[in-house]
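The values are calculated or read from the model by the stated rules, or taken from the named source; none is laboratory data. None of the values given here were measured: they were computed from a predicted structure. Backbone-built Cβ (ideal geometry, glycine too); neighbour counts: all protein chains shown. Accessible surface is based on the protein model in full, side chains and every heavy atom, while ligands, DNA and RNA are left aside. Shrake-Rupley method; radii C 1.70, N 1.55, O 1.52, S 1.80 Å.
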Amino acid sequence: MFATANAHHRAAPAGKSLTMQSHNVYIGLGSNLDNPTQQVIDGINALAALRETQLLATSSLYASAPIGPQDQPPFINAVALIKTALTPIALLDALQALEQDAGRVRKRHWGERTLDLDILLFGEQTIEHPRLKVPHPFMCERRFVLEPLLEVSPHAHLPNGTALSQVLPETLTQEIWHHCTLALDSLGSVAPQ
């Protein structure tokens, strides 16, 4: 039986344990190539399969116009909440491997992609690393990130304490469309509801 994904948290699947030092992490997902809806669903399911990681919740899927070059298809976007014992850089490496597995090729900045996975928030940490900046530097400017993140966690905030619900109104001129609701089954897989 399915439960609405953003309404229920679940325990780690049998055989999947997390170390004591784990963090709640929000991952932004997006795709606009090769069946984007399925790409994002497969991306969420791949997150659930990462070592030392459990999927806690996922937003609905949203459609949005591309940021950057406008000569590309619309995007399908979502946000997933995971709990992970991976370090930020180890998680980044794992996400980039998932992107490569999905056939991602970086042709141009903000261009089309089969799967894009971004670390939006990593616990309460602010990270300034040559390969990773957290909070994601553009998340507060993008409705297609904020709205699904707030669907998952209505009281989410930045490490500095700023409530994301206070930032969302600044993005409401950006058009996004609810695409479909996802459901999380008892085994931790997602599917359209």
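Condition check ((1) open to solvent by 40 Å² or more (accessible area, probe 1.4 Å); (2) in a strand (DSSP E or B); (3) modelled with pLDDT of 95 or more) across all residues:
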| residue | (1), (2), (3) |
| --- | --- |
| Ala3 | no, yes, no |
| Arg10 | yes, no, no |
| Pro13 | yes, no, no |
| Val25 | no, yes, yes |
| Gln39 | no, no, yes |
Please count how many residues of region 90-111 are of a type in the set (D, E, K, R) and assigned to a loop (DSSP other than H, G, I, E, B). 4
In region 112-160, which residues are more than 18 Å from Pro66 (Cα to Cα), open to solvent by 50 Å² or more (accessible area, probe 1.4 Å) and in a loop (DSSP other than H, G, I, E, B)? Glu124, Thr126, Pro130, Arg131, Pro154, His155, Asn160
Counted residues, region 55-74 - those being in contact with a helix residue (DSSP H, G or I) (Cβ under 7 Å, 6 or more places away or on another chain) and part of a strand (DSSP E or B): 6
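Residues are listed down the side, and each one gets a yes or a no for (1) surrounded by fewer than 19 Cβ atoms within 10 Å (Cβ to Cβ); (2) under 14 Å from the mean Cα position of the chain (by Cα); (3) closer than 17 Å to Val145 by Cα; (4) in contact (Cβ under 8 Å) with a residue 60 or more places away in the chain:
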{"position": "Gln54", "(1), (2), (3), (4)": "no, yes, no, yes"}
{"position": "Ser59", "(1), (2), (3), (4)": "no, yes, yes, yes"}
{"position": "Gln72", "(1), (2), (3), (4)": "yes, no, no, no"}
{"position": "Ala78", "(1), (2), (3), (4)": "no, yes, yes, yes"}
{"position": "Thr84", "(1), (2), (3), (4)": "no, yes, no, yes"}
{"position": "Ala97", "(1), (2), (3), (4)": "yes, no, no, no"}
Among the residues of region 138-156, is any in contact (Cβ under 8 Å) with a residue 40 or more places away in the chain, touching a Phe, Trp or Tyr at 6+ places or on another chain (Cβ under 6 Å) and small (Gly, Ala, Ser)? no
